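The values are calculated or read from the model by the stated rules, or taken from the named source; none is laboratory data. Remember, predicted model here, so these are calculated numbers, not experimental data. When we count neighbours, we look across all protein chains shown, and the Cβ atoms used for this are built from the backbone with ideal geometry, even at glycine. Surface areas here come from the heavy atoms of the whole protein model, side chains and all, with no ligands, DNA or RNA. Shrake-Rupley method; radii C 1.70, N 1.55, O 1.52, S 1.80 Å.
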Amino acid sequence: MDSGEAVTIPVFVNSGSLFVAPGTTAGAAAAQADPRYAEAAEAGRAYLTDGRGIRRDPSEILAAGDILRVIVSATRDLPEATSDA
């Protein structure tokens, strides 16, 4: 019964759901949900957790129904303080 359609699995990223191919990593799913997540992670301003707040490695393979939260830092890169002492 091959309908010719690609097989996908549902996962949840932040407040949305999306369908990804089996074998998709957590990082790839986050980037698929919003490319800005990948940019923030690469810059060290974001990380992934599961639905309970436990950190997930971006290279972990997702299973159907997995929940990801992308935690993005609200702080901006600031220049280091200088001392006039």
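How much FRET efficiency would the formula 1/(1 + (r/R0)^6) give for ARG55 and ALA6, where r is the Cβ-Cβ distance and R0 is 35 Å, rounded to 0.05?
On the way: r = 30 Å, r/R0 = 0.86.
Working from the Cβ atoms, E equals 0.70.
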With all protein chains modelled, accessible area of VAL13 [1.4 Å, Å²]: 10 Å²
